[in-house]
Amino acid sequence: MNCINCNSKHIQKDGNHNGMQRYKCMSCKKRFDYGVYEGTNEYINHFNVKIKKNERNHLTRDNYCVPSNELDYKDKKNLRTVDEFYRKNKRYPLLCPPWFCNIPNEIYKDFEHYTDEYVEEHYNDCMANFDLNMKYFRKLDHNNFNDYLMRFVKKNKFIEIDDLNFLNNKTGVYILVLDKYNQVYIGISESTGGIKKRILQHWSKKKEFGRLLNGDVNTSILSIDSFGALDTTRIFYKELKWFQNIHEYEERMVREFKKDYRLNRVSGGINKESESEIRNLKLLSSIEKRILK
């Protein structure tokens, strides 16, 4: 058994918690639970919420990208909207990209499916991008990352929590920390269910095959929804005053946080392709040679 936070093998038993065996990691000093729910061992306790054990608890190369010919919801909606517009307005070819004009084409087999050729090409691009990102993460120094993070949360008065239930129905800004990758994700919640519900959505959602890339293969940042629940090792949050605009505050926090260490892909147009390219300059040599190992 390894630590769910840092994957260290140096762990020891540390009593029981809610009917579950608690352990303490001697490397990262964090506590975690592996236990029994309803007479089974199919669940683990992560930030004091029940998480079902599955192969996606941690991001791996094998579970990152699953090829699919099925269009995701956004593509289906866009194609239907374009098709309706085309039928009503014959000037359509002058207003939209040419590859939208005829279906089937090199990308869309019909209104429900991608072509086999596109699926294969997109899968190869996604995996090449995954390898580049992983190589980038390995080049980052964890001590530098942690020092920067702690200065940031102290400066902006974020609070660290170890019980996700504390954030039930709370609104505000949250930071998910992925220590293994030296990355964070900054998000907001202002809806029913609060920050807890939003974080659980990240942990349960899988990024659609057609949406894995945001930009080109050499610059796209991995989506937070591609990571597993156990990849999140620390959580910080901040409630805002009634007069503070939550969207403007999120955008300011993302802009302020060092590009090297953030997973935010889009937030008010913050991460444009040019910014992603600057962020990944450390990969320039491997990008030029296109040798991915």
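Structure values in brief
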{"read-out": "Estimated inter-spin distance, PHE137 and GLU248, nm [label 7 Å along Cα→Cβ]", "value": "3.5"}
{"read-out": "Counted charge near GLU70, where neighbours are those whose Cβ lies closer than 12 Å (Asp, Glu -1; Lys, Arg +1)", "value": "-3"}
{"read-out": "Using a Förster distance of 45 Å, the FRET efficiency for ASN124-GLU84 (Cβ separation, nearest 0.05)", "value": "0.85"}
{"read-out": "FRET efficiency for GLU42 and VAL66, using Cβ-Cβ distance with R0 set to 35 Å, rounded to 0.05", "value": "0.95"}
{"read-out": "Low-density loop positions, trypsin sites (Lys or Arg not before Pro), the stretch 97-204 - DSSP coil, at most 12 other Cβ in 10 Å", "value": "LYS139, LYS157"}
{"read-out": "Gain in span if fully extended, LYS13 to LYS76, counting 0.36 nm per residue against the direct Cα distance", "value": "17.6 nm"}
{"read-out": "Cut-off 12 Å between beta-carbons: net charge of the residues surrounding LYS196, Lys and Arg +1, Asp and Glu -1", "value": "+2"}
{"read-out": "Placed amide H near VAL49: partners under 5 Å, 5+ positions off or other chain", "value": "LEU164"}
{"read-out": "Inter-centroid distance (Cα atoms) of the stretch 108-134 relative to the stretch 190-230, Å", "value": "18"}
{"read-out": "Principal semi-axes in Å for the stretch 117-271 [√(5λ), Cα gyration tensor, largest first]", "value": "27, 18, 15"}
{"read-out": "Paramagnetic reach from LYS259 (point 7 Å along Cα→Cβ, amide N under 17 Å) across the stretch 122-164", "value": "133, 136-137, 140"}
{"read-out": "Neighbour-limited loop hits for GluC sites (Glu not before Pro), the stretch 215-262 (at most 15 other Cβ within 10 Å; DSSP other than H, G, I, E, B)", "value": "GLU239"}
{"read-out": "J(HN,Hα) series, the stretch 241-257, from Karplus relation 6.51 cos²θ - 1.76 cosθ + 1.60, nearest Hz, glycine and proline x", "value": "6, 4, 8, 8, 7, 5, 6, 5, 5, 4, 4, 5, 5, 5, 5, 6, 6"}
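FYI, it's all coordinate maths here, none of it is from the lab. Values in this document were obtained by computation on a predicted structure and should not be read as measured data. A quick note on method: Cβ atoms are made from the backbone with ideal geometry, for glycine too, and the neighbour counts reach across all protein chains shown.
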